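Enquirer: A single structure is presented below for examination.
The values are calculated or read from the model by the stated rules, or taken from the named source; none is laboratory data. Model, not experiment: these values are computed from the prediction. Reconstructed Cβ throughout: ideal geometry from the backbone, glycine too, with neighbour counts over all protein chains shown. Surface accessibility is based on the protein's heavy atoms, side chains included, excluding ligands, DNA and RNA. Shrake-Rupley method; radii C 1.70, N 1.55, O 1.52, S 1.80 Å.
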Amino acid sequence: QVQLVESGGALVQAGGSLRLSCAAFGSIFSINTMGWYRQAPGKQRELVAIITSGGITNYADSVKGRFTISRASAKNTVYLQMNSLKSEDTAVYYCNLNWGRMDYWGKGTLVTVSS
């Protein structure tokens, strides 16, 4: 039984910054991938960024250079630093944890960018 707890979603103005956090609790295999996905209203869920337990990262083209994913070395916590936010970044952001055939999701945190 694994639970993911997200925080940091907020209403921000275009050009602003926001930092999302996600902590995983439970029986978790040490070699895994954590990441962030997002879903805008009426759209499919899409990859934002992922990071492996070895520190390898991958980003969606739309966020490269603006977002940075990182994780705490000693625990199952992942962060997403979002800079230069745009209105098109508005979405519910979901934390993900994966290893083998196991795939876990948080409930999501809402990010709204307005201007």
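Enquirer: Hey, among Ala10, Ala72, which residue is among the small types (Gly, Ala, Ser) and touching a Ser or Thr at 6+ places or on another chain (Cβ under 9 Å)?
Expert: Sole residue among the options that is among the small types (Gly, Ala, Ser) and touching a Ser or Thr at 6+ places or on another chain (Cβ under 9 Å): Ala10.
Enquirer: Consider the range 1-36. How many of its residues are more than 24 Å from Lys75 (Cβ to Cβ) and surrounded by 15 or more Cβ atoms within 10 Å (Cβ to Cβ)?
Expert: 2
Enquirer: Tell me, which strands (runs of 3 or more DSSP E) lie completely within the chain with 2 or more residues that are in contact with a Leu (Cβ under 7 Å, 6 or more places away or on another chain) and touching a residue at least 40 places away in the same chain (Cβ under 8 Å)?
Expert: Correct list: 2-7, 18-26, 33-39, 77-82, 91-99, 102-105, 109-114.
Enquirer: Within the range 64-94, take every residue that is touching a strand residue (DSSP E or B) at 6+ places or on another chain (Cβ under 6 Å) and aliphatic (A, V, I, L, M) and give me the one that is most open to solvent (accessible area, probe 1.4 Å).
Expert: Applying the filter and picking the extreme gives Val92.
Enquirer: Filter the range 95-106 down to residues that are over 18 Å from Lys43 (Cβ atoms) and open to solvent by 60 Å² or more (accessible area, probe 1.4 Å) and give me whichever is nearest to the chain's Cα centre (by Cα).
Expert: In this case the residue turns out to be Asp103.
Enquirer: Right, another one. When you scan the range 37-57, do you find a residue that is of a type in the set (Val, Ile, Thr), open to solvent by 30 Å² or more (accessible area, probe 1.4 Å), in contact with a Ser or Thr (Cβ under 6 Å, 6 or more places away or on another chain) and modelled with pLDDT of 95 or more, even just one?
Expert: yes
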